[in-house]
Amino acid sequence: IRNIAVLTSGGDAPGMNACIRAVVRTGIYHGKNMFGVMQGYQGLINNHIIPMNARSVSNILHLGGTILKTARCLEFKEDEGMEKAFKNLKEKEIDGLIVIGGDGTFTGAQRFGKKYGVNVMGIPGTIDNDLYGSDFTLGYDTAVNTIIEAIDKIRDTADSHDRLFFIEVMGRDSGCIALRTAVASGAEAVLLPEKETSLKDLIIKLKEGVNTKKSSSIVIVSEGNKYGGAWDIAKSVKRKFNHYDTKVTILGHLQRGGSPSGFDRILGSRLGFAAVNEMLKGATMQMVGLRGNEIKLTSLDVALHMHSYKLEDDLLEMTKVLSI
Ligand code: F6P
């Protein structure tokens, strides 16, 4: 392998820049020519591929977002799009491709690698923490911290006004973000996509709070739960339980931005460093992940087909006990 390109694809995640920096500098350290692909797979198709040197990634370690930009690219799902992408890589003699993103990104990488024999490595980058093969994905820790900071602020005003708040957090189909933020913010309840909590049980829990003299309450709503968004749930609850003045906050995309936490800077650096080193040792079609604080490889096939991740059950039990 002589020429390696890196791209970010799907939703951005804090720590992606730290990871890009590590990929580029590790490659250069080993004497490779490094390239950055702009806007994910769209840039591969549009031939928006730029040479990168050690200085191209100066002073980005602490920045949120991704300097390479990102996109959700439908064209890459078509054979024609892939063909164009391959032609552009071939023209520049790029024989290694490192993709940073979530399962959509890995699905594209796997098809591309299989079809054209390009060496590909995947790095898990998504705030959702929903990938098999890594205990943590890049950006998850920062997003959790950002959300905790926001909920702390809401807690101040909720408590001052004796209100009930429904706070909706991201995670698509994964409740990891909701569960961690619920524990860390002392939420009274949490609604997750993976676990059944009926609205009836939720109301019982809120009533118990009133009986034990709680003056305010916070419910974290994971966006993928089965009862709908925070507004819908607030309305349904209010119909049967109208003790509190009820408010709704949807945190939205502020959860995806911001300077990466120390954890995500280190994780991004570790994963980027490992992806290049492993690729140079001959690995391909693998995802680098962190398991038990060690870098481990999982084949993209397995990572995608297992399509599962670990929700921390003890945390769910804790939210119930610690919020009495
Ligand atoms: O996958 C990351 C994520 O932030 C999810 O939590 C969320 O459902 C989705 O992306 C939002 O995507 P978009 O920014 O394209 O609206």
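Identify the GluC sites (Glu not before Pro) of region 1-86 meeting these criteria: DSSP loop state and at most 14 other C-beta atoms within 10 Å of the C-beta.
Qualifying residues, ordered by number: GLU78.
Between their Cα atoms, which of LYS213/LYS310; LYS115/LYS195; LYS32/LYS69; LYS32/LYS114; LYS213/LYS238 are more than 31 Å away from each other?
Violating the 31 Å limit, Cα to Cα: LYS213/LYS310; LYS115/LYS195.
Tell me which residues come under 5 Å, amide H to amide H, from GLU168 once H is placed; ignore anything under 5 positions away on its chain.
VAL221, THR249, ILE250, LEU251
Would you compute, from DSSP H runs of 4+ residues alone, the mean residue ellipticity of the chain at 222 nm, taking -39500 (n - 2.57) per run and dividing by the full residue count, rounded to the nearest 500?
Using -39500 (n - 2.57) per qualifying helix, the result is -13500 deg cm²/dmol.
Can you tell me the dipole magnitude for region 102-199 around its Cα centre, using point charges on the Cβ only (Lys, Arg +1; Asp, Glu -1), in Debye to the nearest 20?
Dipole about the Cα centre, nearest 20: 600 debye.
Can you sort VAL302, VAL37 from fewest to most other Cβ atoms within 10 Å of each residue's own Cβ?
VAL302, VAL37
Quick one: which of 86-95, 40-49 comes out on top by average Cβ neighbours within 10 Å, and what's the full order, highest first? Present the calculation step by step, with values, prior to reporting the outcome.
Values: 86-95: 15.8, 40-49: 22.3.
So the order, starting with the most tightly packed, is 40-49, 86-95.
Checking the a/c ratio against 1.5 first, then a/b against b/c, what shape does the Cα gyration tensor give for region 1-146?
oblate
What ranking do SER217, SER56, SER9, SER160 get, fewest neighbouring Cβ atoms within 10 angstrom at the top?
Starting with the residue having the fewest Cβ neighbours, the order is SER160, SER56, SER217, SER9.
Select from HIS30, THR126, ALA234 the residue farthest towards the positive end of the dipole of the chain; place +1 on Cβ of Lys and Arg, -1 on Cβ of Asp and Glu, and compute about the Cα centre.
Of HIS30, THR126, ALA234, it is HIS30.
Counting C-alpha atoms alone, how compact is the chain: give Rg to one decimal and Dmax as a whole number, in angstrom.
When restricted to the Cα atoms of the chain, Rg and Dmax are 21.6, 71 Å.
Take the eigenvalues of the Cα gyration tensor for region 272-317, scale each by 5, and report the square roots as semi-axes in whole Å, largest first. Before the final figure, lay out each step's value.
Values: eigenvalues 134, 38, 6 Å².
Semi-axes from the Cα gyration tensor: 26, 14, 6 Å.
Taking the alpha carbon gyration tensor of region 222-279, what are the square roots of 5 times its eigenvalues, largest first, to the nearest whole Å?
Here the semi-axes work out to 42, 13, 8 Å.
Among PHE35, PHE263, PHE273, which one shows the highest mean-square fluctuation when the chain is modelled as a Gaussian network with alpha-carbon springs under 10 Å?
PHE263
Along the Cα-to-Cβ line of ASN293, 7 Å from the Cα, sits a label point; which residues in region 112-141 have backbone N less than 18 Å from it?
Backbone N within reach: 134-137, 141.
Less than 13 Å from a label point 7 Å out along the Cα-to-Cβ axis of ASP301: which backbone N atoms in region 74-114 qualify, by residue?
Under cut-off, by backbone N: 110-111, 114.
Under a Cβ-only charge scheme (Lys and Arg +1, Asp and Glu -1), can you give me the dipole magnitude of the chain about the Cα centre, in debye to the nearest 20?
380
Quick one: angle between helix 262-280 and the longest Cα principal axis of the chain, in degrees between 0 and 90, rounded to 10, please.
Helix 262-280 sits roughly 30 degrees off the main axis of the chain.
Kindly give the semi-axes, whole Å and largest first, of the ellipsoid equivalent to region 1-61, taking each as the square root of 5 times a Cα gyration tensor eigenvalue. Write out the running numbers ahead of the final one.
Values: eigenvalues 63, 48, 16 Å².
They are 18, 15, 9 Å, listed from largest to smallest.
I want to verify a result. In a Gaussian network model of the chain, Cα cutoff 10 Å, which of these has the top mean-square fluctuation: ASN59, ASN145, ASN129?
Comparing ASN59, ASN145, ASN129 in the GNM, the peak value goes to ASN59.
Using a Gaussian network for the chain with springs between C-alpha atoms less than 10 Å apart, which of these wobbles most: LEU267, LEU138, LEU254?
Looking only at LEU267, LEU138, LEU254, the biggest GNM fluctuation is shown by LEU254.
Percent antiparallel among DSSP beta bridges with both residues in the chain, to the nearest 5?
Antiparallel bridges make up about 25 percent of those DSSP assigns within the chain.
Given H placed on each backbone N at 1.01 Å, which residues far from ASP173 in sequence or on other chains put an amide H within less than 5 Å of it?
Residues meeting the criterion, in which the H sits 1.01 Å from N, do not exist here.
How far is helix 79-91 tilted off the main Cα axis of the chain, in degrees rounded to 10, range 0 to 90?
50
Loop only per DSSP, at most 11 neighbouring Cβ atoms within 10 Å: give me the trypsin sites (Lys or Arg not before Pro) in region 230-308, ordered by residue number. If you can, show how the numbers build up before the last one.
Working: sites: LYS235, LYS238, ARG239, LYS240, LYS247, ARG256, ARG265, ARG270, LYS281, ARG291, LYS296; in loops: LYS281.
Taking region 230-308 and a limit of 11 other Cβ atoms within 10 Å, the loop trypsin sites (Lys or Arg not before Pro) found are LYS281.
What trypsin sites (Lys or Arg not before Pro) does region 1-30 have in DSSP loop regions with at most 11 other beta carbons within 10 Å? Write out the running numbers ahead of the final one.
On the way: sites: ARG2, ARG21, ARG25; in loops: ARG2.
Answer in residue order: ARG2.
Of THR212, THR8, ASN59, which is farthest on the positive side of the dipole of the chain, counting Cα position, with +1 on Lys and Arg Cβ, -1 on Asp and Glu Cβ, and the Cα centre as origin?
ASN59
Calculate one ³J(HN,Hα) per residue across region 124-129 by plugging θ = phi - 60° into the Karplus curve 6.51 cos²θ - 1.76 cosθ + 1.60, and present them in order as whole Hz with x for glycine and proline.
x, x, 6, 6, 6, 6
Is there a quick way to get the dipole size of region 7-125? I mean about its Cα centre, with the Cβ of Lys and Arg at +1 and of Asp and Glu at -1; what is the value in debye to the nearest 20?
Working: 14 positive and 10 negative charges, 60 e Å.
Roughly 300 debye for region 7-125.
List the residues whose amide H sits under 5 Å from the amide H of ALA13, counting only those 5 or more places along or on another chain, with H placed 1.01 Å from N in the peptide plane.
Sorted by chain and number, the residues that satisfy this are GLY65.
None of the figures in this text is laboratory data; all of them are computed from the coordinates on show. This one's a predicted model, so the numbers in the text were calculated from it and none came from an experiment. Cβ sites come from the backbone with ideal geometry, for glycine too, and all protein chains shown count toward neighbours.
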